[in-house]
Amino acid sequence: MYILRISNISKKFKIDDNKERIALDRMSLMFPSNGLISIVGKSGSGKSTLLNILSLMDEPTNGVVYYMNKRMDRWNNRQKEKYRNKEIGMIFQHYHLLENETVLFNIMLPALIGGKSVKEAEIAAKNLLKSIDFKEYLYDQKCADLSGGEKERVAILRALINDPKIVFADEPTGALDEKNSYLVMDILKKISKDRLVILVSHNMSLVEQYADEIIHIKDGHIEKIEDKEVVTDQSNASDGKGKTIKSSKWVSLLTKSNFKRRLKRNIVSISSLIIGLVSSMLIIGFSNGSKTSVQNKSYRQFNYGVSTFYKETKQEIPGSKMSLVQMSKINEEEMTLLNDYLSVFIVEPNTDALLPSCPTIKCGEEKLEELTYQPIYSFEKQYVDPSLVINGYVPQVDNPFEVVINQKAYSYLKSKFNSEPIGLEFTVHSDFEYHYYTNNDFNPVITDYFIYDKSVHIVGVVDDFNFLSTPKMYYSYSSFKEYLEESLLNNLSSYLNEDISWYDRISTCDNSDTISSYSNRLFLKDISNIPILKEYISFLSEPYKIDCLAISISDTLFDLMDAATMGMELFLIIALAGTALILGIISFSSYSEDKKTSAILTCLGANRKSIFSIYARENFLVGGVALIASFALSPLLAWLANLIIKNITTFENIIRIPFLSFMNVPLLFPLIIILGTLVIALLATYIPLMFSKKISPREELMDE
Ligand code: ADP
Ligand code: MG
C-alpha cells in the first residue's frame, strides 16, 4: 500500500502580470509507507515545491494528492490541521523553531497543539531527547542560544513528537558541518524504519549512503528513480480522521511568554490605555459633577433673592433694521394684573437712583472704590441664609448702622487696613438732585436734594459664592426704606402743600422719571424659594422682565461649563481614538514581528483561531491590567483634582465619577468602561489582522 500518491500534479507560479513559471509539470508519484526517500535535483528544479504540496503548505494548480487513498483537496480545515499536526512532521533547513521558547517547549508544542496534557507532552519530549543523548542541561535553554546542529536535532524531535507517519525534511543538513550532518542522517535513517521519510537534499554523497530510493527531478519533471533497496510495505496506518484538535494550554503558555518578552511594549500599551480610560472617567465625572456643584454653589449668594423688574418695549425705527428698546417701571394697573406671578415677591420701587450700588464709601479719609453697596430686603431669618455667615453675626434687628460683608471684601479690607475688618467704621455717602416739572410757567422746575450720610460698621462676614469676586457690603433695605419714608422733599412739599417723602415720590413717580431707575425691585419673600426662582422667572411673558444678578451669574457659569464639557468630550473622543490607534499600532507590530511564529504554528497543525487567540489574549491582558489600574487611579485623581479646584475656585466636588449610578442605572458606568475597554482590545486585535494579509506559511518559511 502506498501512503502518499500524486497524480498529474502541476504547479504554476505567476511571476508578472502575464508571465508564469511552471515549477512542477504533470508529475505522478507514489510513496511507500516507510523508508527514506530522497528527492534530488538542481536548484530551482521544483523539489521544495513538491514537498510543500505534499505537506499541505501549498496547493497544486492541477492534479490530485491522495493520502491513504483520500483526496486531500476535499479536506476541510480541521482535517488539514490534523494532517499537519498528527500525520506528518516537518524539518526545515533553517529549523524554524520558536527561538524565544525553550528546547523542551518547542518539542512539546505539536503534542500540546494535538491536545496532550503538559505532563504527557513533557514525558514524551524528554524520552525523545534522551533517545538521541541530547545534553540535559540544554532542555530549558532558549533555542536562540543553541548551535546549528543542536537546533536541527530539536527540529527533528519536534517533528517526531506526535509519532507521525511521514516526515518531510527539506535540506536538513544544508547548514550543518559534516559531523552534524551524519548525526542527523543517522536519526532520519533510524526513524525511517517504521515511517516514510521524504528528504530533499543536494548532498549526493549523503543521499547515496542513506536513501532507499532516489527520485531525480529536473525542470519539474521526474528524470529517473533509483531504487537502492527494496522497500517493504509495513503499513498499518489509520486514516486521517480522529478526535479534533483543541486549543488549550499552549495558547496560554505562549501568551504568557509573549507578554513577558514584550513587557516594555505592553507597559506602553497599558499606560496609553490607562491615560485614555482615566481621562474618560474624569471627563465624564466632570460633566456629571460640575452641574450639581455649580448649582449648589450658585444658590449660595447672599442677595440671591434680589432682582429688578421692568417692562421692555421695543419700538421699530422706520427705515432701519434697529429698534428702540425702552425700559420702564411697572405701573399700578399692570401690577394688579401680574399679582399671581408676583406673589412670591415683595415688590418695591427701585431706589438705585438715591442709593446706587457704588456710593462713596470711606473709612477715615480712605475712599474704598472697589466696594459695592448692595441691598438685602431684611436681615431677618426668612430673607437670608444663615449658613453663609462665617464670621461675626447678621444683625438681629434691621437697622441702618450695621452691615455685613462678603469674604472678598473681608480679605480686601484686611489687607488694606492691616486689621480686623469686623467692627470697622465707614461712612456711606450718596446724593441726588431731583427735578420736579410743574405746569406752572413761573415756577417750572422744583428742585430737591437727597443727601444720604450714614456711618456704618461691619458686624459679620458671609461666605457667598461670587463668580466675579467683587467685594460687597450688604445693607438692610427695610431700614433704608424707613429712612426714605421719614425724609421729605422740602421744596416740593411746600410747593404742593403736603408732606411728600422720598419714598412717596419714588413710588408714585412717572415711568419716565429718572428717580424711578426705570424699574422696580423684587425681593424674594422666602429664601427657601431660591431653587424655583429661575423657573418662576421664565413663566413671565413679554414685555415684562425680571433680572436676577445671581441667576445671570449662574447661567453664565452653566454656559461656560457646557462649553468646557463639550470641549472635553471632544477631547475624550480624540483620547479614545488615539488610545485605540496606539494599541492597534503596537499590536500590529507585534503581530508582524511574529508572523513567522504564526507560520510555524500553522505547519505544526495549530488552527487559525488558536493562533489568533494568542494575540487576542495578549491584548485582553493589557486591557485587563489597564482597567484595574484605571479603576484604582481615577477616584484618586478625581479627589486630587477636586482638592486643587476647590482651593482655586471654591467649587466642591466638581468631578464626580458616577461609579454607583449613571443616568439612573446602577453600575452602568463601570459596565460602560469595561465594555469600552473590551471594544478597544478587540479593535486592537482585529484591525491589524484585517490589514495584514493572510499568513502564507510557505512564504514566511521559505528558505532564504
Ligand atoms: P528547488 O528545487 O530549488 O527547491 P523550488 O521548488 O523552490 O526549487 O522552485 C521551483 C521553481 O519554481 C523555481 O524556478 C522557482 O523560481 C519557482 N518558484 C518557487 N516558488 C515560487 C514563488 N512563490 N513564486 C514564483 N516562483 C516560484
Ligand atoms: Mg528548495
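Miscellaneous remarks
- D_trans [Stokes-Einstein, Kirkwood Rh over alpha-carbon pairs] for segment 134-188, 37 °C, 0.692 mPa s, µm² s⁻¹: 274
- Solvent-accessible area of the chain (1.4 angstrom probe, protein heavy atoms only): carbon and sulfur portion equals 55 percent.
- Angle in degrees between helix 530-539 and the longest Cα principal axis of the chain, rounded to the nearest 10: 80
- Debye-sum result for segment 448-524 in log10 I(q)/I(0), which assumes one identical scatterer on each alpha carbon, at q = 0.12, 0.16, 0.18 Å⁻¹: -0.50, -0.80, -0.93
- Computed on the chain, with alpha-carbon pairs under 8 angstrom and 6+ residues apart, the relative contact order is 17 percent.
- Size descriptor, Kirkwood hydrodynamic radius, that averages inverse alpha-carbon separations across segment 518-655, Å: 21.2
- Taking 0.36 nm per residue of sequence separation and removing the Cα-Cα distance, the Val118/Arg5 pair yields an extension gain of 37.2 nm.
- Computing FRET efficiency as 1/(1 + (r/R0)^6) for Phe417 and Phe558, where r is the C-beta to C-beta distance and R0 is 25 Å, gives about 0.10.
- Segment 592-631 and segment 634-671 have their alpha-carbon centroids 36 Å apart.
- By the Cα gyration tensor, the chain has an equivalent ellipsoid whose semi-axes, rounded to whole angstrom, run 99, 26, 19 from largest to smallest.
- Across segment 489-582, the fraction of Cα-Cα pairs farther apart than 19 Å, rounded to a whole number, is 68%.
- Mean residue ellipticity (222 nm) of the chain, computed from DSSP H runs ≥ 4 via -39,500 (n - 2.57), nearest 500: -14000 deg cm²/dmol
- Cubic angstrom per residue, convex hull over Cα atoms of segment 273-399: 302
- Centroid-to-centroid separation of segment 108-171 and segment 502-547 [C-alpha atoms, Å]: 94
- In the full protein context, the chain carries 49 Å² of accessible surface per residue, based on a 1.4 Å probe and ignoring ligands, DNA and RNA.
- Residues with amide H under 5 Å from that of Gly392, placed H, sequence gap 5 or more: Val461
- Listed peptides 119-130, 635-646, 371-382 by packing density, highest first (mean Cβ within 10 Å): 371-382, 119-130, 635-646
- The amide H of Ile500, built 1.01 Å from its N in the peptide plane, has Leu489, Ser493 as neighbours under 5 Å, considering only residues 5 or more places off or on other chains.
- Virtual spin-label span in nm between Asn439 and Lys646, 7 Å along Cα→Cβ: 6.8
- Here the simple spin-label model places points 7 Å from the Cα toward Cβ, and for Asn69 and Ile390 these points are separated by 9.7 nm.
- Along each principal axis, Cα extent of segment 605-692, largest first, Å: 65, 27, 21
- Cα-based helix-to-principal-axis angle, 608-649 vs the chain, degrees rounded to 10: 20
- Extension gain for Glu136 to Lys321 (0.36 nm times residue separation, less C-alpha to C-alpha distance): 56.8 nm.
- Calculated FRET efficiency, Phe691 to Leu263, Cβ-Cβ distance, R0 = 30 Å: about 0.75 to the nearest 0.05.
- Residues in segment 3-44 that a label on Met204 would reach, taking backbone N under 11 Å of a point 7 Å out along Cα→Cβ: 41-42
- Scalar couplings 3J(HN,Hα) for segment 132-143, obtained by applying the Karplus form with A = 6.51, B = -1.76, C = 1.60 to θ = phi - 60°, are 10, 6, 6, 4, 5, 5, 8, 3, 9, 7, 5, 4 Hz; x denotes Gly and Pro.
- Between 0 and 90 degrees, the angle of helix 477-486 with respect to the longest Cα principal axis of the chain falls at about 20 degrees.
- Relative to the current alpha-carbon distance between Glu380 and His457, full extension at 0.36 nm per residue lengthens the span by 25.9 nm.
- Close amide H partners of Gly89, meaning residues 5 or more places away or on another chain with modelled amide H under 5 Å apart, are Ile166, Val167, Phe168.
- Ordering 318-326, 548-556 by mean Cβ neighbour count within 10 Å, with the highest value first, yields 548-556, 318-326.
- Summarising the overall dimensions of segment 384-497 from its C-alpha atoms, the Rg and Dmax are 19.0, 59 angstrom.
- Computing FRET efficiency as 1/(1 + (r/R0)^6) for Asn77 and Ser661, where r is the C-beta to C-beta distance and R0 is 41 Å, gives about 0.30.
- In order along segment 336-348, the Karplus-derived 3J(HN,Hα) couplings, from 6.51 cos²θ - 1.76 cosθ + 1.60 at θ = phi - 60°, round to 5, 5, 8, 3, 4, 5, 8, 4, 7, 10, 9, 9, 9 Hz, and Gly and Pro are given as x.
The values are calculated or read from the model by the stated rules, or taken from the named source; none is laboratory data. All figures in this text were calculated on a predicted structure; none of them were measured in a lab. Note that each Cβ is placed from the backbone with ideal geometry, even for glycine, and that neighbours are counted across all protein chains shown. Heavy atoms of the whole protein, side chains included, go into the accessibility calculation; ligands, DNA and RNA do not. Shrake-Rupley method; radii C 1.70, N 1.55, O 1.52, S 1.80 Å.
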